[in-house]
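Colleague: Below you'll find the structure I mean.
Each value in this text was obtained by applying a stated rule to the coordinates, not by laboratory testing. Every value quoted in this text rests on a predicted model; they were computed, and no experiment measured them. No Cβ is skipped: glycine too gets one built from the backbone with ideal geometry, and neighbour counts run over all protein chains shown.
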Amino acid sequence: MSLQFKLQPAGKISGEIRVPGDKSVSHRSIMFGSLAEGITHVSGFLEGEDSLNTLRAFQAMGVEIEGPVDGKVCIHGVGMNGLKPPAKPLDMGNSGTSMRLLSGLLSGQSFDLELIGDRSLTKRPMKRVTDPLALMGARVDTAEGGRPPLKIHGGSQMKGIHYDMPMASAQVKSCLLLAGMYADGETSVTEPAPTRDHTERMLAAFGYPVKTQANKISLQGGGKLTACDIDVPSDISSAAFFMVMAAIAKEADILIKHVGINPTRTGVIDILKLMGADITLQNHQQVGGEPVADVHVRNSQLKGIHVPEALVPLAIDEFPVLFVAAACAQGQTVVSGAHELRVKECDRIQVMADGLVALGVDATATDDGMIINGGAIKSGTVNSHDDHRIAMAFSVASLAAEGEIVIDDCDNVNTSFPTFVELANQVGLQLTTTQTTNSL
Ligand code: S3P
């Protein structure tokens, strides 16, 4: 059985909402809270399958974690060397972030373990972390082609390295910094373009010194983490669906509260503004080292643009819904320099291009992006290919569609946004769900 979304066209979007907690920050709060000395209280934790898989992994390694209850989690830290061998393989489900960050963090432990994942995660490339980890002295076996499962051999004597990252990836950067905490000497990485810096900010919040000089980030091994309280901002990647809804609906006025606006994540706002969206930020605050604001969006006519490549890593998870915005814009939108989209939860370039074409949109996939000529969106059926953000992006498209849109395989919306259906209907989408036997 699999979850199917059915959406009727709707024209009006309005309301004041708060979307769930940031996925990246939620993962890291569990990892650092578990390794810290003392008790960490987390609020606003994302109760989605991805971050819950991280939480369950640390429970399986002997960490006492209470919750989540209404986004509140209490973690009884065991210290840097307090983890215990898990009784069975740790299941990361759909979560690339869990697998890549844990591969680094767990390479420095004294015990062996295995990381496994679901159908989508098992197809994703892991050599981007296992190659540099091997240079640090880690012993991690992959399945054929550098794919999961990962078998990590404990007891390695890790040494610090300098690594020039070949791709802009916060997961690779974070993996190496986490491994570096267990390595002798300094570990440093340089990134080809800025990527989300939640690891650096949260390490600092837990009292672990991290140095950022231009595009080089470094830390010394052998330090410790001290428990602290973490208030997780709402996830800008989830808010993005509502931003685009309000930008493309005929009548729209929406306020999305307490959204994380870390400058390494706000590419979606910059891109939508370049396309002519009416977005304003208000009520700026700082929570636990992360900036937040309320995001106010009103409808406006979008226009096609060539998305500046420098903004791509800062909006990397938002392209599925940005492609929908481009389909609703006047003129041509060109996205380039986004090859990384091909190795996300699915090949997001191909799957989005196929889905848009199925809905009558003039969209052409390129090696590293897409060319979209804005125009009418027709009715039709698309498949999300096990990818939460594809399912939610095509739900947004219903606001501009001429007829019904049916989306197959939507169970994975639960990985990052368990309350999506409820909130989407609350602001005006016409979304119903059914269990079907249609799936890939
Ligand atoms: C993430 C980094 C990004 C992003 C993912 C979460 C993180 O991946 O796509 O959803 O929390 O570090 P890459 O760093 O591989 O681009």
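Colleague: Give the order of Lys151, Lys127 when sorted by the count of other beta carbons within 10 angstrom, beginning with the fewest.
Modeller: Details: Lys151 16, Lys127 13.
Fewest-to-most ranking of Lys151, Lys127: Lys127, Lys151.
Colleague: If R0 is 22 Å, what FRET efficiency do you get for Glu16 and Gln286 from their C-beta distance, rounded to 0.05?
Modeller: With a Förster radius of 22 Å, E is 0.50.
Colleague: OK, next. Quick check: from the Cα gyration tensor, does the stretch 30-70 come out rounded (a/c under 1.5), prolate or oblate?
Modeller: Verdict is oblate for the stretch 30-70.
Colleague: Moving on to the next point. Identify all lysines with a Cα-Cα distance to Lys250 below 24 Å; exclude those on the same chain that are fewer than 8 residues away in sequence.
Modeller: Correct list for Lys250: Lys6, Lys12, Lys273, Lys303, Lys378.
Colleague: Any number yet on Rg/Rh for the stretch 122-260, C-alpha, Kirkwood?
Modeller: Here the Rg-to-Rh quotient is 1.07.
Colleague: Treating only the Cβ of Lys, Arg, Asp and Glu as charged (+1, +1, -1, -1), what charge dipole size does the chain show about its Cα centre? Round to the nearest 20 debye.
Modeller: 500
Colleague: Right, something else. At a temperature of 10 °C and a viscosity of 1.306 mPa s, determine how fast the stretch 23-231 diffuses translationally according to Stokes-Einstein, using the Kirkwood radius over alpha-carbon pairs as Rh; express D in µm²/s, rounded to the nearest whole number.
Modeller: Value of D from the Cα-based Kirkwood radius: 95 µm²/s.
Colleague: Based on the Kirkwood radius over alpha-carbon pairs, what value in µm²/s does the Stokes-Einstein equation return for the translational diffusion coefficient of the chain at 10 °C and 1.306 mPa s?
Modeller: Details: Rh = 21.9 Å.
Translational diffusion coefficient: 73 µm²/s.
Colleague: Can you quote the Å³ per residue value for the convex hull of the Cα atoms in the stretch 317-416, rounded to an integer? Walk me through the numbers on the way to the answer.
Modeller: On the way: hull volume 7.6 nm³, N = 100.
Each residue corresponds to 76 Å³ of Cα convex hull volume.
Colleague: Mark the label point 7 Å from the Cα of Asp253 along Cα→Cβ and return the residues of the stretch 1-44 whose backbone N is within less than 12 Å of it.
Modeller: Taking a point 7 Å out along Cα→Cβ of Asp253, the residues of the stretch 1-44 whose backbone N falls under 12 Å are 13-16.
Colleague: How large is the charge dipole for the stretch 23-231, taken about the Cα centre, if only the Cβ atoms of Lys, Arg (+1) and Asp, Glu (-1) carry charge, to the nearest 20 debye? It would help to have the intermediate numbers written out before the result.
Modeller: Numbers: 22 positive and 22 negative charges, 98 e Å.
The calculation lands at about 460 debye.
Colleague: How would His153, His385 line up from fewest to most surrounding beta-carbon atoms within 10 angstrom? Mind dumping the intermediate values first?
Modeller: Working: His153 14, His385 21.
By the 10 Å Cβ count, ascending: His153, His385.
Colleague: Only counting other Cβ atoms within 10 Å, I'd like Thr419, Thr266, Thr437, Thr366 sorted with the fewest neighbours first. Display every interim value, and only then the final one.
Modeller: Details: Thr419 17, Thr266 22, Thr437 7, Thr366 14.
Listing Thr419, Thr266, Thr437, Thr366 from fewest to most nearby Cβ atoms yields Thr437, Thr366, Thr419, Thr266.
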